[in-house]
């Protein structure tokens with residue numbers, strides 16, 4: 001088979017979809033066998049796929065097609081002819097925002113979440129309409145659908161009318177060569193030097209997105225925690241600016257403990273594992289997740305996790321996290337106090353998290369995805 005993957009929705013690698021695509025491609029390259037992998041990559045994203053040079057065929061997509069609307073048009077109008085010319089057997093589109101209406105080859109889609117149905121004002125009006133209305137019809141045109149969690153699969157059935165029996169639930173993986181326990185003292189020293197995190201800190205890794213990621217309530221809970229405990233703990237927010245970032249930054253600037261709230265920006269792949277190892281606790285108060293990679297990555301590095309149970313988080317984290325109610329400031333504040341005040345509680349969470357993280361592996365996920373490609377190809381051939 002000639003298998004193509006559209007990578008243009010990875011947002012320069014600074015999103016969950018971006019991490020999914022990069023990790024999946026790495027894992028697929030190790031097990032394609034007689035199959036050939038073809039990657040459609042935007043010009044400025046080419047360096048992100050240096051690891052695939054010589055191992056996959058890389059087709060450059062002109063940079064002018066990066067803006068969302070132009071990129072959607074490219075997928076619907078220009079990509080089908082490219083697929084025909086390149087003799088592609090299966091196209092995998094790993095984001096519901098870029099699903100094709102029609103194609104000369106089999107179509108496989110990955111749906112990460114249906115957040116627009118759960119979080120009000122998740123995006124602007126146009127993107128909310130696209131995600132709630134247009135994608136529903138596009139999803140039904142795909143030959144095979146991958147959902148990254150059972151929670152997402154149930155949402156796809158509920159909102160798009162695609163039965164769970166017709167979907168493939170394939171959990172995201174963890175790169176255990178990157179995310180594993182290490183020398184915590186060394187990690188603390190490096191993070192103190194790089195980000196001035198010179199005291200115990202809570203870590204939240206997520207793009208700065210309001211309201212979906214719930215930064216404002218976390219900041220308010222942190223303010224209460226600091227007032228009540230007089231603790232020297234810090235709050236570190238790692239992630240690039242996104243929709244509503246200005247509101248989050250304003251809330252932090254207005255905090256009486258503003259000097260203890262640190263914005264780290266986008267944390268690159270090399271630094272992220274050390275950041276997890278250095279943190280005393282990962283806090284993940286998201287209002288909705290289709291999977292939730294950061295808390296699992298943190299667990300794999302031996303970092304205790306305090307998390308919401310919304311969406312797929314309870315499915316993914318199991319009983320390995322201390323759970324809070326994300327819209328209840330009192331619950332959030334109590335959670336912060338619980339983990340900060342008890343080293344034994346953190347150690348319990350640390351050990352439970354390490355066990356839980358072993359469930360997720362990209363090699364296993366890639367093998368399952370390959371089986372989906374084979375199924376899609378065979379079904380398409382039978383229909384021809």
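A short reminder: the numbers here are calculations on the coordinates, not readings from a lab. Small disclaimer: the values here were computed from a predicted structure and weren't measured. All Cβ positions, glycine included, derive from the backbone under ideal geometry; neighbour counts span all protein chains shown.
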Query raised in the report: Peptides 163-171, 235-243, 286-294, 135-143: what's the order by average Cβ count within 10 Å, highest mean first?
Result: 286-294, 235-243, 135-143, 163-171
Requested in this report: Could you check which residue among 320, 187, 279 shows the biggest mean-square fluctuation in a GNM of the chain with a 10 Å Cα cutoff?
Outcome: 187
Report task. Order by neighbour count: 49, 201, fewest other Cβ atoms within 10 Å first, most last. Result -> 49, 201
Query raised in the report: Over the chain, what relative contact order in percent results from Cα pairs under 8 Å that are six or more residues apart?
Result: 16
Query raised in the report: So, in nm, how far is label residue 241 from label residue 154 when the simple model puts each one 7 Å beyond its Cα toward the Cβ?
Result: 3.8
Query raised in the report: Tell me, what are the semi-axes, in whole angstrom and largest first, of the equivalent ellipsoid of segment 164-234 as set by the roots of 5 times the Cα gyration tensor eigenvalues?
Result: 30, 23, 10
Query raised in the report: 222 nm [θ] for the chain, helices only, -39500 (n - 2.57) per DSSP H run of 4+, per residue, to 500?
Result: -12500 deg cm²/dmol
Report summary line: Here the gain from full extension of residue 44 to residue 259, 0.36 nm per residue of separation minus their alpha-carbon distance, amounts to 73.8 nm
Report summary line: One finds, for residue 59 and residue 268 with R0 = 30 angstrom and r their Cβ-Cβ distance, a FRET efficiency to the nearest 0.05 of 0.70
Query raised in the report: Taking Cα pairs under 8 Å and at least six residues apart, what relative contact order does segment 184-357 come out at, in percent?
Result: 24
Query - Modelled label reach - residue 87, point 7 Å along Cα→Cβ, segment 51-75 residues with backbone N closer than 20 Å - result: 54-60
Report task. Along Cα→Cβ, 7 Å out, is where each label goes; now give me the distance between the ones at residue 129 and residue 358 in nm to one decimal. Result -> 5.1
**Report entry** For segment 342-384 and segment 276-299, distance of Cα centres in Å
**Finding:** 17
**Report entry** Cβ-derived FRET efficiency at R0 30 Å, residue 230 paired with residue 68, nearest 0.05
**Finding:** 0.05
Query raised in the report: Of 364, 229, 333, which is the most mobile in a GNM of the chain whose springs link Cα atoms less than 10 angstrom apart?
Result: 229
Report summary line: Label model pair residue 343, residue 374: point-to-point distance (7 angstrom along the Cα→beta-carbon line) in nm is 5.2
Query raised in the report: Percent relative contact order of segment 56-213, based on C-alpha pairs within less than 8 angstrom and at least six residues apart?
Result: 16
Query raised in the report: What angle do you read, to the nearest 10 degrees and between 0 and 90, between the alpha-carbon axis of helix 150-160 and the longest principal axis of the chain?
Result: 60
Report summary line: Between the Cα axis of helix 16-29 and the main Cα principal axis of the chain, the angle (0 to 90°, nearest 10) is 60
Requested in this report: Quick one: check the C-alpha center-to-center distance for segment 127-156 versus segment 80-97, whole angstrom.
Outcome: 18
